[in-house]
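Reviewing the structure listed below.
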Amino acid sequence: MESKILVTLGIDPAFILLFLLILIVVLFVLYVNLTVKYNKLQSSYNTFMKGRNGKTLEESLKEKFGEVDSILKITKQNRSDIKELFKKYERGFQKTGIVKYDAFNEMGGKLSFAVALLDKNNSGWILNAMHSREGCYTYIKEIIKGESYVELAEEEAEALDKAIFENYEMDVKDVKK
């Protein structure tokens, strides 16, 4: 059974049959691929919706968004707290220098001391406690940007130099060992 149209066009009906067969195989492969993808999507959807309907899912999402909002609020509060602590820390004493000495010849054991307490700008105080048999004498001197407007004793100047120039991290590491 030959078709006059196919004969005029010069096309063999076997080619058309072969083309249709290849098209059916390609469509079948695409169908199988699509079915596999659909089954994966259906499985994911079932896992996602397991034990929930649309309303409970919406409530769960609202709850999670509420948790995210509360975490953001806490994060903002933590940032402001950290900034406030940093400002307070800058004003606090960060550097210390301690010198123990014998203030009077009759005393032994280096009971007198000078302590320099400075902030990051090298401003703060020097506390000098001089012990003798009669009592203890305590003096305090203000330090502004590493300098005192009152003359410093030798031990006070040494404590100030220690506070400004020495690195105490080595001492801390040595103590830990």
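No value in this document is a laboratory result; all are computed from the given coordinates. Just so it is clear, the model here is predicted, and its values are computed rather than measured. Cβ sites come from the backbone with ideal geometry, for glycine too, and all protein chains shown count toward neighbours.
Tabulated results
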read-out: Share of alpha-carbon pairs per 5 Å distance bin for the chain, given as whole %; value: 1, 6, 8, 7, 7, 6, 5, 4, 4, 4, 4, 4, 4, 4, 4, 4, 4, 3, 3, 3, 3, 2, 2, 1, 1, 1, 0, 0
read-out: Candidates L21, L127, L152, ranked by Gaussian network fluctuation over the chain, Cα under 10 Å, top entry; value: L21
read-out: Long pairs among K120/K141; K100/K145; K40/K62; K88/K120; K95/K145; K110/K145, criterion Cα-Cα beyond 21 Å; value: K100/K145; K40/K62; K110/K145
read-out: T75 versus E90: modelled label distance in nm, points set 7 Å from Cα along the beta carbon direction; value: 2.5
read-out: Lys/Arg +1, Asp/Glu -1 at C-beta; the chain dipole; positive extreme among G135, I82, N121; value: I82
read-out: Relative contact order (percent, whole number), the chain, Cα cutoff 8 Å, 6+ residue spacing; value: 14
read-out: Part-to-part distance (alpha-carbon centres) for region 121-167 and region 88-118, which is given in Å; value: 7
read-out: Helical contribution to [θ] at 222 nm, DSSP H n ≥ 4, -39,500 (n - 2.57), averaged over the chain, rounded to 500; value: -19500 deg cm²/dmol
read-out: By average C-beta atoms within 10 angstrom, highest first, the peptides 27-39, 153-165; value: 153-165, 27-39
read-out: Pairwise label distance in nanometres, S60 with V32, each label 7 Å out on the Cα-Cβ vector; value: 3.5
read-out: Region 84-120 residues near the modelled E142 label - backbone nitrogen below 16 Å, point 7 Å along Cα→Cβ; value: 117-119
read-out: Fewest-first ranking of S43, S123, S132, using other Cβ atoms within 10 Å as the exposure measure; value: S43, S132, S123
read-out: I24 paired with K4, simple spin-label distance in nm, labels 7 Å along Cα-to-beta-carbon; value: 3.0
